[in-house]
Amino acid sequence: MLKFATWLVVATFLATPALAEQLTVVEHATSDATASIGKMKDNRGDVLTFANPIFDAANKTQLGTDNGFCIRTVVGQAFECIWTLKLAAGQITTEGPFHDAGDTAMAVTGGTGKYSGAKGEMLLHARDAKGTAYDFKYTLK
């Protein structure tokens, strides 16, 4: 019976997922620039670049910066993006779609320092209709 109880405790521990780390920051989209490749204002293949300040969840204290780019994949609807969040404890890389309307879930593809080997997801939420600030809600595993 003792062997069964020990096995049950070990099996339960192995089957229980590790607690995910939550991190919420606010991006101030102050440097966004788009290079158009066509004659229209919005073209498939346009490149959006940015390197913006990042603030705490209360939007009071600057914690770091981000740096990245997006390529327009569906005119008027979506970009595909790659960027790095740079904080004092390390960096977190993110990749995925950015939709013109509504929230977007993106994959966390890695990190450095405290975030070395990070995986998980980031939910991107526009704070206003102008696209001047965004909430980044990370769930890291």
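The values are calculated or read from the model by the stated rules, or taken from the named source; none is laboratory data. Please read these numbers as outputs of a predicted model, since none were measured by experiment. Don't worry about glycine lacking a Cβ; one is built from the backbone with ideal geometry, like all the others, and counts go over all protein chains shown.
On the stretch given as region 22-60, residues that are in contact (Cβ under 8 Å) with a residue 12 or more places away in the chain, of a type in the set (A, V, I, L, M, F, W, C) and under 17 Å from residue 125 (Cβ atoms) total 8. Count of region 69-108 residues, restricted to those that are under 18 Å from residue 26 (Cβ atoms) and of a type in the set (Phe, Trp, Tyr), is 2. When you scan region 90-99, do you find a residue that is touching a Cys at 6+ places or on another chain (Cβ under 9 Å), surrounded by fewer than 16 Cβ atoms within 10 Å (Cβ to Cβ) and modelled with pLDDT of 95 or more, even just one? Yes: region 90-99 contains one or more residues that are touching a Cys at 6+ places or on another chain (Cβ under 9 Å), surrounded by fewer than 16 Cβ atoms within 10 Å (Cβ to Cβ) and modelled with pLDDT of 95 or more.
Considering only residues that are hydrophobic (A, V, I, L, M, F, W, C) and over 15 Å from the mean Cα position of the chain (by Cα), which ones fall in region 73-117? Result: 74, 75, 78, 88, 89, 101.
Meeting the requirement of 2 or more residues that are among the aliphatic types (A, V, I, L, M) and within 18 Å of residue 84 (Cβ to Cβ), the strands (runs of 3 or more DSSP E) wholly within region 100-141 are 104-111, 120-126. Checked against (1) at pLDDT 95 or above; (2) under 13 Å from residue 134 (Cα atoms); (3) not charged (D, E, K, R), residue 108 passes all but a single condition, namely (2). Apart from one condition, residue 134 fits all of (1) over 24 Å from residue 45 (Cα atoms); (2) in contact with a Lys or Arg (Cβ under 7 Å, 6 or more places away or on another chain); (3) touching a residue at least 40 places away in the same chain (Cβ under 8 Å); the exception is (1).
The residues in region 50-62 that are in a strand (DSSP E or B) and under 10 Å from residue 85 (Cα atoms) can be counted, and the count is 2.
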